[in-house]
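In what follows, a structure is listed as structure tokens, so that the remarks can point back to it.
The values are calculated or read from the model by the stated rules, or taken from the named source; none is laboratory data. Small disclaimer: the values here were computed from a predicted structure and weren't measured. Positions of Cβ are backbone-derived with ideal geometry, glycine not excepted, and every protein chain shown enters the neighbour counts.
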Amino acid sequence: MRLTQGMYSFIPDLTDAQIEANINYAIGKGYAMNVEWTDDPHPRNSYWDLWGLPLFDVKDAATVMYELKQAKKYTAQGYIRINAFDASYGVESCAMSFIVGRPDDEPGFYLERQEGAGRFIHYTIKSYCVQMYREGQRYA
Amino acid sequence: MSGTVTERTRLKSERYESGVIPYAKMGYWDSKYSVKETDILALFRVTPQPGVDPVEAAAAVAGESSTATWTVVWTDLLTACDRYRAKAYRVDPVPNSTDQYFAFIAYECDLFEEGSLANLTASIIGNVFGFKAISALRLEDMRIPIAYLKTFQGPATGIIVERERLDKYGAPLLGATVKPKLGLSGKNYGRVVFEGLRGGLDFLKDDENINSQPFMRWRERFLYCMEGINRAAAATGEIKGSYLNMTAGTMDECIKRGDYAKQIGSVITMIDLVLGYTAIQTAAIWARENDMILHLHRAGNSTYARQKNHGINFRVICKWMRMSGVDHIHAGTVVGKLEGDPLMIKGFYDVLRLTDLEINLPFGIFFDMDWASLRKCLPVASGGIHCGQMHQLLHYLGDDVILQFGGGTIGHPDGIQSGATANRVALECMVLARNSGADYFNPEVGPKILADAGRMCGPLQTALDLWKDISFNYVSTDTSDFSETATANV
């Protein structure tokens, strides 16, 4: 499967030039940016691991690209994304989020159904990788 | 026996002598009135009957929508009636018209019960629209003061929290309405939901008239939709949903269906505008208490919102619905099959999405208004749109919108998944182009971006070829009085 979270998952993986263009777009909007990674991309995993704090007052896309490169080098195999944050009144939340690194093989998730009373089914989404391997080894 | 009537003492005041005197003279017109911060303001488009003075017509509207009746009543003197009388304070001729006037009217805040849209509307649109001295009347805009807004919950979830719950940022959301509207069994219905979500959409949607009919009772639909939603979420790793319509004949039944939707794990439910204002507020309060996103379908609105000279402008409905507490509302597409002048639609979207409004006459916004931190309502663009218009949709509607392609998904020749994928790829490539600085709205550029993406994505190519000539070029009935723009279609 292909994990399709984020702004660009149906089109081919972004090139460095396209990532930079998005960073520049975020800089133009005055957003702060951060790099996050995980090897547990469950749709309800709200907190991927931070690669450092968000970068505030970024002037140059190169700063973010450097952090991304470092993150790719030093974090466990898995998914990496860039988030942009809008601090302005009325938003004060994430304003952009897109995957910039993913494993070659994505085993994905399966659905566990627990039959309940009547026709009630309790659904749980489970990850093959998380089931099989410990943290840090899941996409190695 | 007491003396005859003529021997009794009668009121000597000119204002309160029995009989009929003009509304303007009764105190419903005050050109010197200084508007208070706490006043509720309304702007009406008034078409007086031939021979009726516009100021008198405006005063009559103020009177009939507040304290007046057709004749003088002495019981007024038992009240602080000067305070409770609405005051028409300004009358302007409507540009490019001979018989219409904009009447500005101020209402004291104490005229309205806190947190009750039913009470507000019972005054403002109560009797007055049938008043004989005017031949037509339209409520164009309202300024709701902070003092009154603070008595309303506002959107149960709001755009920001909805995006956080769904983990989707930086681009419009994608949806589709299950078609055919009526007749599918629960199991077949859930198939459409699964296919659309699996193909790349964020939401599927019940239509306004899908409730619980003989061909598909509501539990059947809810259960199969959840199977489709969860299957698609597992297959994509994304949070998905389908607006489960909880509209029913009684409020108890609506809430029962909503509670069931929550129990089986839905992130969103839906109601129709025809539920009525009180029921909508009840549903919104239920939604916030139950962590539920609440979608509103504007069923019925065009019966009163479409004609320019009579009824209620949709921007007022947008304001009322944001106060009432819904999270989504259909607000037009600009380029689709339903009514919508680009400037008017921009005005509706601003009303739903901004934290404060500034006067903008071409957009039809007549008042400055601070939304008092009520959450933002997510507009839904639905009706006759397809992926070939993606550059226009992104340009006109921005990021905070749900683009809903019903026929444009389910009508794809290679199936629903292909239709959904075509829409998602079109959206992603257009957002990428915009963020990369492309002149994407340019009719020479936007379609080329789509065509290039289509060369890498078969479903998109097929969709672009199929729908390339579809557009709905009709003149809008509800247009700006201060600017004329034709709806651009490609």
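Quick check: anything in the stretch A:74-88 in a loop (DSSP other than H, G, I, E, B), within 14 Å of chain B (Cβ to nearest Cβ) and closer than 30 Å to residue B:350 by Cβ? Yes, because at least one residue in the stretch A:74-88 is in a loop (DSSP other than H, G, I, E, B), within 14 Å of chain B (Cβ to nearest Cβ) and closer than 30 Å to residue B:350 by Cβ. Within the stretch B:252-265, residues that are assigned to a loop (DSSP other than H, G, I, E, B) sit with their Cβ atoms under 9 Å from residues that are polar (S, T, N, Q), at 6+ positions apart or across chains, in these pairs: B:265/B:230. Based on this model, can you work out whether residue B:236 counts as buried (at least 20 other Cβ atoms within 10 Å of the Cβ), within 14 Å of chain A (Cβ to nearest Cβ) and β-branched (Val, Ile, Thr)? Against the criterion (buried (at least 20 other Cβ atoms within 10 Å of the Cβ), within 14 Å of chain A (Cβ to nearest Cβ) and β-branched (Val, Ile, Thr)), residue B:236 qualifies. Among the conditions (1) at the interface with chain B (Cβ under 9 Å from one of its Cβ atoms); (2) on the phi > 0 side of the Ramachandran plot; (3) acidic (Asp, Glu), residue A:57 misses just one, which is (1). When B:418, B:480 are checked against the criterion of being touching a residue at least 60 places away in the same chain (Cβ under 8 Å) and not in a helix (DSSP H, G or I), a single residue qualifies: B:480. Within the stretch B:391-410, the set of residues being touching a helix residue (DSSP H, G or I) at 6+ places or on another chain (Cβ under 7 Å) and farther than 14 Å from residue B:336 by Cα comprises B:400, B:409, B:410.
Given the options B:260, B:224, name the one that is of a type in the set (Phe, Trp, Tyr), within 14 Å of another protein chain (Cβ to nearest Cβ) and surrounded by fewer than 22 Cβ atoms within 10 Å (Cβ to Cβ). Going through B:260, B:224 in turn, the sole match is B:260. Checking each residue in the stretch B:174-199 for being under 30 Å from residue A:31 (Cα atoms) and either of a type in the set (Gly, Ala, Ser) or surrounded by fewer than 23 Cβ atoms within 10 Å (Cβ to Cβ) (or both) picks out only B:175. Checked against (1) surrounded by fewer than 18 Cβ atoms within 10 Å (Cβ to Cβ); (2) more than 11 Å from chain B (Cβ to nearest Cβ), residue A:36 passes all but condition (1).
For residue A:5, the conditions (1) touching a Ser or Thr at 6+ places or on another chain (Cβ under 6 Å); (2) of a type outside the set (Ser, Thr, Tyr); (3) at the interface with another protein chain (Cβ under 10 Å from one of its Cβ atoms) all hold with the exception of (1). For the stretch A:79-107, the candidate set comprises residues that are without any contact (Cβ under 8 Å) to a residue 12 or more places away in the chain and under 16 Å from the mean Cα position of the chain (by Cα); within that set, the residue that is nearest to residue B:240 (Cα to Cα) is A:94. From the residues in the stretch B:419-437 that are of a type in the set (D, E, K, R) and touching a Leu at 6+ places or on another chain (Cβ under 8 Å), which one is farthest from the other protein chains (Cβ to nearest Cβ)? Taking the candidates together, the pick is B:434.
Note on the stretch A:12-33: among residues that are closer than 14 Å to residue A:84 by Cα and assigned to a loop (DSSP other than H, G, I, E, B), the one that is farthest from the other protein chains (Cβ to nearest Cβ) is A:30.
Looking only at the stretch B:421-456, how many residues end up being part of a helix (DSSP H, G or I) and polar (S, T, N, Q)? Walk me through how you get there before you give the answer.
First, the residues of the stretch B:421-456 that are part of a helix (DSSP H, G or I): B:421-435, B:446-456.
Now restrict to residues that are polar (S, T, N, Q): B:421, B:423, B:435.
Adding up the residues that qualify gives 3.
Run down B:299, B:331, B:284 and say which single residue is of a type in the set (Gly, Ala, Ser) and over 17 Å from residue B:208 (Cβ atoms). The conditions single out B:284.
Does the stretch A:95-106 contain any residue that is facing another protein chain (nearest Cβ under 8 Å) and over 27 Å from residue A:70 (Cα atoms)? There is no residue in the stretch A:95-106 that is facing another protein chain (nearest Cβ under 8 Å) and over 27 Å from residue A:70 (Cα atoms).
Take the conditions under 18 Å from residue B:313 (Cα atoms), in contact (Cβ under 8 Å) with a residue 12 or more places away in the chain and touching a strand residue (DSSP E or B) at 6+ places or on another chain (Cβ under 9 Å) and apply them to residue B:138. Does it pass? Talk me through it step by step, then tell me what you get.
Working: under 18 Å from residue B:313 (Cα atoms): yes; in contact (Cβ under 8 Å) with a residue 12 or more places away in the chain: yes; touching a strand residue (DSSP E or B) at 6+ places or on another chain (Cβ under 9 Å): yes.
Here the answer is yes, as residue B:138 does meet what is asked.
Being of a type in the set (Phe, Trp, Tyr) and within 15 Å of the chain's Cα centre (by Cα) is the filter; apply it to the stretch A:39-60 and report the residue that is surrounded by the most Cβ atoms within 10 Å (Cβ to Cβ).
A:48
Of everything listed in (1) crowded, with 21+ Cβ neighbours inside 10 Å; (2) over 19 Å from residue B:294 (Cα atoms), the single unmet condition for residue B:246 is (2). Of the residues making up the stretch A:66-74, not a single one is under 26 Å from residue B:420 (Cα atoms) and surrounded by 14 or more Cβ atoms within 10 Å (Cβ to Cβ).
Evaluate the following for residue B:277: is it crowded, with 22+ Cβ neighbours inside 10 Å and modelled with pLDDT of 95 or more? Lay out the reasoning, then the answer.
Working: crowded, with 22+ Cβ neighbours inside 10 Å: no; modelled with pLDDT of 95 or more: yes.
For residue B:277, the condition - crowded, with 22+ Cβ neighbours inside 10 Å and modelled with pLDDT of 95 or more - is not met.
Report, by residue number, each residue of the stretch B:399-428 that is under 19 Å from residue B:169 (Cβ atoms) and acidic (Asp, Glu). Of everything in the stretch B:399-428, those that are under 19 Å from residue B:169 (Cβ atoms) and acidic (Asp, Glu) turn out to be B:399, B:400, B:428.
Checking each residue in the stretch B:115-144 for being under 19 Å from residue B:281 (Cβ atoms) and either small (Gly, Ala, Ser) or not in a helix (DSSP H, G or I) (or both) picks out B:115, B:116, B:118, B:122, B:123, B:125, B:126, B:142, B:144. Residue count for the stretch B:331-379, restricted to those that are closer than 20 Å to residue B:391 by Cα, in a loop (DSSP other than H, G, I, E, B) and over 12 Å from the mean Cα position of the chain (by Cα): 9. Among the residues making up the stretch A:108-140, those that are away from chain B (no Cβ under 11 Å), surrounded by 13 or more Cβ atoms within 10 Å (Cβ to Cβ) and touching a residue at least 40 places away in the same chain (Cβ under 8 Å) are A:129, A:130, A:138, A:139.
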